[in-house]
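Q: Structure incoming, see below.
The values are calculated or read from the model by the stated rules, or taken from the named source; none is laboratory data. Just so you know, these numbers come straight off a predicted model, no measurement behind them. Please note: Cβ atoms are built from the backbone with ideal geometry, for glycine as well, and neighbour counts cover all protein chains shown.
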Amino acid sequence: MEPLDRILLGVATVGGAVCGVGAAMYLYLYSGAVPLPLSAVLFGALLAAISVAARRLGGEPVHGALPVIAFLLVIAAFLAGGPGGDIVLYVDWRLLLLLLCGIGMPILAGHLASSEK
């Protein structure tokens, strides 16, 4: 693997972490009185695209998993309490949707991309 490929895989991993931050910040968005967790679906799709690109770039399935691992680490950090006991994410159905989209969409996209060959 060339040095530029390693740098691009690092950028893809950071992109997965940024997806985690964005998804967490907009997860509890409301439209009036109706919860509107569009960030789970939108950032899940973006994470799937980043994951497929990383796998094609690196050539191995583990390279496609790097952005998803970074995403999950950010979500786990946001679930942990801060110094004042504040948390960014709390456990409800929207968090489950975020985890399903954040893990499921990259797995499905990776499976579909690998079956194209």
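Q: Looking at segment 47-68, which of its residues are surrounded by 14 or more Cβ atoms within 10 Å (Cβ to Cβ), out of contact with any Pro (no Cβ under 6 Å at 6 or more places or on another chain) and of a type in the set (A, V, I, L, M, F, W, C)?
A: ALA49, VAL52, ALA53, LEU57, ALA65, LEU66
Q: Considering only segment 65-117, state which residues are over 18 Å from ALA24 (Cβ atoms), small (Gly, Ala, Ser) and at pLDDT 90 or above.
A: Correct list: ALA65 only.
Q: Additional query: Please list, ordered by first then second residue, the pairs with beta carbon atoms under 7 Å, 6 or more apart or interchain, first in segment 27-51 and touching a residue at least 40 places away in the same chain (Cβ under 8 Å), second among the basic types (Lys, Arg) and part of a helix (DSSP H, G or I).
A: As it stands, the answer is LEU27/ARG94; TYR28/ARG94; PRO35/ARG94; PRO37/ARG94; ALA40/ARG94, since those pairs meet every condition given.
Per-residue answers, yes or no, for (1) surrounded by 13 or more Cβ atoms within 10 Å (Cβ to Cβ); (2) of a type in the set (Ser, Thr, Tyr); (3) within 10 Å of the chain's Cα centre (by Cα):
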{"position": "LEU4", "(1), (2), (3)": "no, no, no"}
{"position": "ALA12", "(1), (2), (3)": "yes, no, no"}
{"position": "CYS19", "(1), (2), (3)": "yes, no, yes"}
{"position": "TYR28", "(1), (2), (3)": "yes, yes, no"}
{"position": "ALA33", "(1), (2), (3)": "no, no, no"}
{"position": "ALA45", "(1), (2), (3)": "yes, no, yes"}
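Q: If you don't mind, another one. Identify, please: which residue in segment 75-117 is within 17 Å of the chain's Cα centre (by Cα) and not in a helix (DSSP H, G or I) and is, among those, surrounded by the fewest Cβ atoms within 10 Å (Cβ to Cβ)?
A: VAL88
Q: Only residues that are more than 12 Å from VAL14 (Cα to Cα), of a type outside the set (D, E, K, R) and either assigned to a helix (DSSP H, G or I) or at pLDDT 90 or above (or both): list them for segment 47-64, please. Before the answer, list the steps.
A: Pass one, segment 47-64, residues more than 12 Å from VAL14 (Cα to Cα): 48-49, 52-53, 55-64.
Imposing the further condition that a residue be of a type outside the set (D, E, K, R) reduces the set to 48-49, 52-53, 57-59, 61-64.
ALA48, ALA49, VAL52, ALA53, LEU57, GLY58, PRO61, VAL62, HIS63, GLY64, listed by residue number.
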